[in-house]
Amino acid sequence: MADLFWRSTKKPGKSAGSQPAPESSKFKKYQNETADAWDAADDELVKGFGVDPDASRSAALAVLARYSKSPKSPPPAPQESTSKSSSNNIPKQKLNIPPKENAATNSNTEESKTKPKSPIIVSPGPPNKSFTGLPPLTDAQIARSEKFSSAINRDLTDLADLRELAWRGCPPCYRPICWRLITGLLPTARERRLATLEKKRNEYWKLVDRYFKLSKEPSHKDTYHQITIDIPRTNPSVPLFQQKLIQELMERILFIWAIRHPASGYVQGMNDLVTPFLHVFLSEHLRAGEKFETTNMDLIPQEALREVEADCFWCLGWLLDGIQDNYTFAQPGIQRQVSQLEDLIERIQPDLFQHLQENSVQFLQFAFRWFNNLLMRELPLSAIVRLWDSYFSEAGADERSSLHLFVCAAFLIHWKRLLLDQCDFQGLMMTVQGLPTNGWGESEISEILAKAFMLRSTYTLKQLS
Amino acid sequence: MSYDYLFKIVLVGDCGVGKTQIRNRYTLDEFNPQSKSTIGVEFAFKTVNIDGNEVKGQIWDTSGEERYRAITSAYYRGSVGAVLVYDVTKPKTFEALENWASQLRQYADENIVVCVVGNKIDLPTREVSTAEAERFARGNGFFYMETSALDGTGVESAFRQVMKKIFEIVDSRQQARKKTVRAGSIGKTRSIKLTDADDVAEPSKFSSCCKQM
């Protein structure tokens with residue numbers, strides 16, 4: 001996926017070779033202009049960004065060579081970063097945390113200077129050897145890499161810039177930090193990142209200490225029971241998810257989230273929504289050549305797992321907070337979106353719409369889970385992760401939901417031929433509930449996103465009360 | 001493939017009792033231990049022969065998730081049969097049957113044919129006795145069957161029993177004219193209703209889920 005990721009993304013077409021990267025305020029315009037420029041050569045992309053390919057390549061190779069010599073230690077943070085990440089150099093009022101916690105954080109920070117830690121805070125280079133096992137980087141990849149590195153390593157990351165980059169997909173090694181920044185888990189100010197992250201992680205574990213015992217209480221037993229039924233059924237074909245450590249981790253995340261959100265509580269499907277975050281944050285701790293699917297959790301340091309769990313919790317919360325009306329009583333968010341999808345298809349593809357109608361297929365019958373599980377039942381996990389890069393490039397929850405809706409429309413339209421070939425309710429339902437997306441990766445997702453983007457710039461959604 | 005009747009049958013019951021496994025065992029003769037929870041509803045179909053008639057069962061495998069109920073209860077409409085599943089090793093899923101039965105009474109055809117199914121009898125940890133479950137079923141006018149989706153015991157007969165009973169109701173009224181319709185020909189549809197005097201409804205009256213082609 002990492003290889004494909006770089007190639008078939010949207011590329012600056014008209015602006016290639018002549019303009020620098022557009023300003024973030026012109027993002028939408030930029031997207032419009034570039035949406036159709038799919039086949040520009042990689043070289044053009046590099047030129048378009050005004051990056052010298054040779055310089056990029058040699059820089060990247062130097063980085064890779066350095067990490068491959070000491071695969072187990074994280075990339076050394078640049079001098080400047082190290083000093084900035086130490087709270088000794090930061091005025092206390094800037095950290096915005098109580099003195100007591102500050103002291104605790106302080107010691108953790110000191111510790112982090114001596115103890116190898118994950119490189120997520122300040123130096124998001126390829127974090128371990130597993131990334132060096134990939135095929136050599138192309139010029140375009142190097143150029144993109146540089147863009148991410150520069151956006152992330154700024155003293156104050158411009159989220160609009162980062163989102164703009166994320167639209168075309170995050171390089172796997174930058175994805176964890178990119179997602180943490182976009183979801184607000186990491187602050188944009190680089191000097192505050194380490195302290196904030198430590199604080200959030202501690203906060204999560206305090207919640208666990210305080211609330212997880214409620215899972216045994218009669219008032220929460222049903223919620224906990226439902227979570228424990230669903231967790232073993234989460235991606236059951238992926239061995240990782242059958243491991244006790246992962247299942248317990250998911251239990252805590254989902255239970256704590258559920259009892260803090262009584263309006264919706266836990267609803268089936270939320271278990272699926274944890275997995276992309278797990279995929280991304282665990283990737284920082286995989287060893288060379290190790291696959292996410294078959295990782296042995298027992299070999300990952302406990303402290304690392306605790307960090308992954310906390311990060312997944314906060315990011316899941318961020319995602320769910322924006323779509324909570326999908327999960328409240330009668331699921332109004334889903335009903336609205338299914339109705340909007342139906343209305344869109346009627347306008348965009350009247351023949352497909354009519355075909356479904358004539359065969360008595362209702363949108364709710366197949367699209368319910370497209371919204372309840374954000375297409376996670378329809379696409380492979382790695383494809384979802386790539387899709388979410390683009391979702392996260394949206395400025396807010398409403399925009400993310402709108403993009404998802406147009407992605408669903410593009411997804412349905414993608415299968416139009418296959419669906420039109422089905423001549424009855426049975427054929428249509430069996431087809432639409434088992435669409436053949438097994439081999440889907442970067443190129444298919446990019447195609448769907450391009451289509452969704454084009455549709456969104458052409459059609460408006462039906463407004464529903 | 002042609003058939004004479006189309007019966008819509010819903011599979012309901014608490015989460016994790018094995019509804020999807022029962023559906024897969026019945027329609028595919030498969031048991032997949034790596035099955036995911038059902039979100040909303042999933043469909044499956046199987047055609048069987050009853051007294052010389054080709055009867056297609058349209059199985060609506062619903063999720064047991066409480067939160068979906070507001071949306072999925074609409075799926076009960078037009079169903080003429082229900083397989084109401086509990087797990088013989090989990091008394092709570094048996095106790096929930098009362099609630100499921102009342103859901104069916106509220107949203108499905110009032111004369112819906114119901115078979116209560118105690119699943120997972122292959123497990124050694126049974127906690128609900130056959131007598132207890134039979135008593136519940138009898139009291140409500142339901143059939144009772146015990147199954148193991150794992151080894152297949154009872155699954156076929158549970159569905160057959162439901163389909164046969166529906167067929168008998170329809171047949172005894174002598175309202176259902178035998179009419180073979182070629183699959184794929186749009187418009188020539190017929191649904192089976194148990195309440196109405198005319199079992200063969202006009203196409204325009206059909207709920208969308210009961211279309212036959």
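The values are calculated or read from the model by the stated rules, or taken from the named source; none is laboratory data. All of these numbers come straight from a predicted model, not from anything done at the bench. So basically every Cβ, Gly included, is an ideal-geometry build from the backbone, and we count neighbours across all protein chains shown. Quick note on the areas: whole protein, heavy atoms, side chains included, nothing else; ligands and nucleic acids left out. Shrake-Rupley method; radii C 1.70, N 1.55, O 1.52, S 1.80 Å.
Here the spin labels are modelled as points 7 Å beyond Cα on the Cα-Cβ line, and at B:Ser129 and B:Lys165 they lie 2.3 nm apart.
So how much slack lies between A:Ala397 and A:Lys213, counting 0.36 nm per residue of separation and subtracting their Cα-Cα distance, in nm?
Working: separation 184, 0.36 × 184 = 66.24 nm, distance 3.18 nm.
Contour length minus the Cα-Cα distance gives 63.1 nm.
Derived scalar couplings between HN and Hα for segment A:211-228 equal 10, 5, 5, 5, 4, 8, 6, x, 5, 10, 4, 5, 4, 5, 4, 4, 4, 6 Hz in order, rounded to whole Hz, by the Karplus curve 6.51 cos²θ - 1.76 cosθ + 1.60 (θ = phi - 60°), x for Gly and Pro. The simple Förster model, with R0 at 22 Å and r as the Cβ-Cβ distance, assigns A:Cys423 and A:Glu447 a FRET efficiency of 0.25.
Whenever you get a sec, compute what percent of the accessible area on segment A:210-283 sits on carbon and sulfur atoms (1.4 Å probe). Working shown, then result.
On the way: 1460 of 2710 Å².
The nonpolar share, carbon plus sulfur, comes to 54 percent.
Mind checking A:267-273 for the average number of partner chain beta-carbons within 10 Å of each residue's beta-carbon? Provide the component values of the computation, followed by the final result.
Details: counts 5, 12, 7, 0, 2, 3, 0.
Going residue by residue through A:267-273 and averaging, the value is 4.
For the pair A:Tyr459 and B:Glu156, label points projected 7 Å from Cα toward Cβ lie 4.6 nm apart.
For segment B:1-123, what % of the accessible area comes from carbon and sulfur atoms, probe 1.4 Å? Walk me through the numbers before you get to the answer.
Values: 1660 of 3880 Å².
Carbon plus sulfur share of accessible area: 43 percent.
Centre-to-centre, using Cα atoms only, segment B:122-166 and segment B:83-106 are separated by 12 Å.
Chain A and chain B together bury an accessible surface of about 3100 square angstrom, both sides counted, with a 1.4 Å probe and no ligands or nucleic acids included. Taking label positions 7 Å along the Cα-Cβ direction at both A:Thr188 and A:Gln243, the computed distance is 3.7 nm, reported to one decimal. Residues whose amide H comes within less than 5 Å of that of B:Phe45, counting only those at least five positions distant or on another chain, are B:Ile59 (H built at 1.01 Å from N in the peptide plane). Under a 5 Å amide H to amide H cut-off, with H placed in plane at 1.01 Å, what residues pair with B:Val85 once short-range neighbours are removed? The list, which skips near neighbours in sequence, is B:Val12, B:Gly13, B:Val117. Close amide H contacts of B:Ile50 (hydrogens built in the peptide plane, cut-off under 5 Å, sequence separation of 5 or more or a different chain): B:Val55.
Evaluated over the Cα positions of segment A:211-365, the convex hull gives a direction-averaged projected area, one quarter of its surface, of 11.8 nm². A simple rule links phi to the HN-Hα coupling: the Karplus curve 6.51 cos²θ - 1.76 cosθ + 1.60 with θ = phi - 60°, which for segment A:246-254 gives 5, 5, 5, 4, 5, 4, 5, 4, 6 Hz, with x for Gly and Pro. At a threshold of 20 Å², the residues of segment A:350-372 that become less accessible to a 1.4 Å probe in the full protein assembly than in their chain on its own are A:Glu358, A:Asn359, A:Ser360, A:Gln362, A:Leu364, A:Gln365, A:Phe368, A:Arg369.
Each residue of segment B:121-136 is assigned a 3J(HN,Hα), and the resulting list reads 6, 6, 7, x, 9, 4, 10, 10, 7, 4, 4, 4, 5, 5, 4, 4 Hz, derived from the Karplus form 6.51 cos²θ - 1.76 cosθ + 1.60 (θ = phi - 60°), x at Gly and Pro. Measuring heavy-atom accessible area with a 1.4 angstrom probe and counting protein chains only, the residues of segment A:203-244 that give up at least 50 Å² relative to the chain alone are A:Arg233, A:Pro236.
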